[in-house]
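Taking it in order: structure first as structure tokens, then the write-up.
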Amino acid sequence: MTDTARVLTTDGSPPEPGQRAVPAGPRAALGLEAAYDAYGPMVYRLAMVYLGRRADAEDVTQEVFVRLFCRAPAFADGEHEKRWLLRVAVNLCRDQLKGFWRRRAVELEPDLPARDPEGLGLAEAIVALPERYKGPIHLHYCEGYSVAEIGEILKLGQSAVKMRLKRGRELLRREMEDQL
């Protein structure tokens with residue numbers, strides 16, 4: 001048997017007859033629990049920025065770490081693993097935004113009580129941005145990534161990242177001025 005054909009249980013030992021097994025494959029550079037502790041909140045925040053709903057962000061975060069467990073490539077280091085997780089999170093968020101249930105959602109009736117739009121903070125303003133500006137704004141200002149790193153994560157050129165940051169800032173500025 002080759003390494004990729006081996007089958008292991010979830011604890012890494014060979015399966016006994018009748019025991020559930022999972023395909024053996026590369027594991028997280030830090031280990032699954034350590035990776036979740038280190039990067040889980042960051043993945044969740046990114047998903048919240050894209051999706052704007054807590055339950056959807058939790059689903060995406062869970063799916064990202066399931067994919068880390070089942071399909072992760074061999075990582076060079078922790079930074080490579082972190083970028084891979086962010087890339088997977090962005091792809092899953094985009095898939096969910098294109099999904100059937102998102103298109104079938106209906107708006108709440110206007111007479112239902114809701115928060116006053118004037119009370120929106122910066123985080124809510126970022127969530128309200130068009131999809132193309134959310135990721136770069138969040139990754140740059142909230143997570144501290146450089147333009148080059150954002151380009152690698154989002155598979156964009158540096159000039160595209162710079163333009164999205166510029167336009168996203170302009171939209172945020174207008175939104176914040178309208179609230180004041």
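The values are calculated or read from the model by the stated rules, or taken from the named source; none is laboratory data. None of the values given here were measured: they were computed from a predicted structure. Please note: Cβ atoms are built from the backbone with ideal geometry, for glycine as well, and neighbour counts cover all protein chains shown.
Some observations on this one:
- Condition broken by residue 34, with the remaining ones in (1) at pLDDT 90 or above; (2) outside the structural domain of residue 179 (by TED's automatic domain parsing); (3) not acidic (Asp, Glu) satisfied: (1)
- Only one of the numbered conditions (1) part of a helix (DSSP H, G or I); (2) free of Cβ contacts under 8 Å to residues at least 60 places away in the same chain; (3) surrounded by 17 or more Cβ atoms within 10 Å (Cβ to Cβ) is not met by residue 156, and that is (1).
The rows are residues; the columns are (1) within 30 Å of residue 178 (Cβ to Cβ); (2) small (Gly, Ala, Ser); (3) modelled with pLDDT of 90 or more.
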site: 66; (1), (2), (3): no, no, yes
site: 71; (1), (2), (3): no, no, no
site: 75; (1), (2), (3): no, no, no
site: 84; (1), (2), (3): no, no, yes
site: 88; (1), (2), (3): no, no, yes
site: 112; (1), (2), (3): yes, no, no
site: 116; (1), (2), (3): yes, no, no
